[in-house]
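**Student:** Structure incoming, see below.
The values are calculated or read from the model by the stated rules, or taken from the named source; none is laboratory data. This structure is a prediction, so every number in the text was calculated from the model and none was measured. Ideal geometry is used to build each Cβ from the backbone, glycine not excepted, and the neighbour counts take in all protein chains shown. What goes into the accessible areas is simple: the full protein's heavy atoms, side chains included, and nothing from ligands, DNA or RNA. Shrake-Rupley method; radii C 1.70, N 1.55, O 1.52, S 1.80 Å.
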Amino acid sequence: MVAHGTRKQRGVAMVGDLAERVSATLGQTVHVSFVDVLGPTPSEVLASMAGPTIMVPAFLSRGYHVTSDIPTHVEASGQPDVTVTEALGPGPQLVRVLADRLVESGWRRDDSVILAAAGTSDPGAQRDLHMMATWLSAITGSRVELAFAATGLPRVPDAVAALRCRRRGRVVVASYLLSEGLFQDRLRASGADVVTEPLGTHPGLARLIANRFSRARYSVAV
């Protein structure tokens, strides 16, 4: 399982906990690697393994890390038999996880909601994120705005401020992030009334990752 990486120990622990939950579901050990900030890197983990290997990008949308970093690490590892699955999103499973996080946070029907992603310059990934915002809108019953913690506009604080000018009531930021880290801290500092927890160790996310592994393993066997 490949994640981004963070200097926040809570974020690293959350990724490790998620991997343990996936391991328990699959009945075998899932190894963790990171493409940025800390190690081990995907190439280091792959180089230490023998035989066919399945790699699941624990990213919520496709983007540079999925389309460029991970293939580069696979090539650098020298491992000849690696199957890389699709990123985790977009998809209905993640929409359900987001909806659960909203309910857990105390979201109400009259709240304004912002879907907050890390951000990307990849056009395909941007379309994926807009699709997720549209699907979440269908669940909340009102338009969900899309905003970004890092790359892309509008930034989350600006989107929060704009909603306050246009609408009465609370502003809720739905975190579309995998784990604790710098970007989640930015969401909490955005001025929103409520910020949901990252998707992290939600059972639905663990099941989604386990399913990615299982489907890839079946395809390899066939």
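**Student:** Collect residues whose amide H, placed 1.01 Å from N in the peptide plane, falls under 5 Å from the amide H of A3; neighbours closer than 5 in sequence don't count.
**Tutor:** Long-range HN contacts for A3: S33, F34, V35, A58.
**Student:** What per residue convex hull volume, in Å³, do the alpha-carbon atoms of the chain yield?
**Tutor:** That works out to 112 Å³ per residue.
**Student:** Can you pull the accessible area of T6 for me, 1.4 Å probe, Å² to the nearest 10?
**Tutor:** That residue has around 20 Å² of solvent-accessible surface.
**Student:** Leaving ligands, DNA and RNA out of it, work out the accessible area of R127 with a 1.4 Å probe and give it in Å² to the nearest 10.
**Tutor:** Accessible surface of R127 is approximately 150 Å².
**Student:** If you add up the charges near L205, with Lys and Arg at +1 and Asp and Glu at -1, over every other residue whose beta carbon is less than 12 angstrom from its beta carbon, what do you get?
**Tutor:** So the environment of L205 carries a net charge of +2.
**Student:** Okay, next question. What's the angle, to the nearest 10 degrees (0 to 90), between helix 92-105's Cα axis and the longest principal axis of the chain?
**Tutor:** Roughly 50 degrees between the two axes.
**Student:** Calculate the dipole size of the chain relative to its Cα centre from +1 charges on Lys and Arg beta carbons and -1 charges on Asp and Glu beta carbons; express the result in debye to the nearest 20.
**Tutor:** The calculation lands at about 820 debye.
**Student:** Next up: Can you tell me what share of the DSSP beta bridges in the chain is antiparallel? A percent to the nearest 5 is fine. Don't skip to the answer; put the middle values down first.
**Tutor:** Values: 0 of 20 bridges.
Bridges in the chain that DSSP calls antiparallel: roughly 0 percent.
**Student:** What residues qualify as long-range amide H neighbours of M55, i.e. H under 5 Å apart, gap of 5 or more or another chain, H built at 1.01 Å from N?
**Tutor:** Placed amide hydrogens put T83, V84, T85 under 5 Å from M55.
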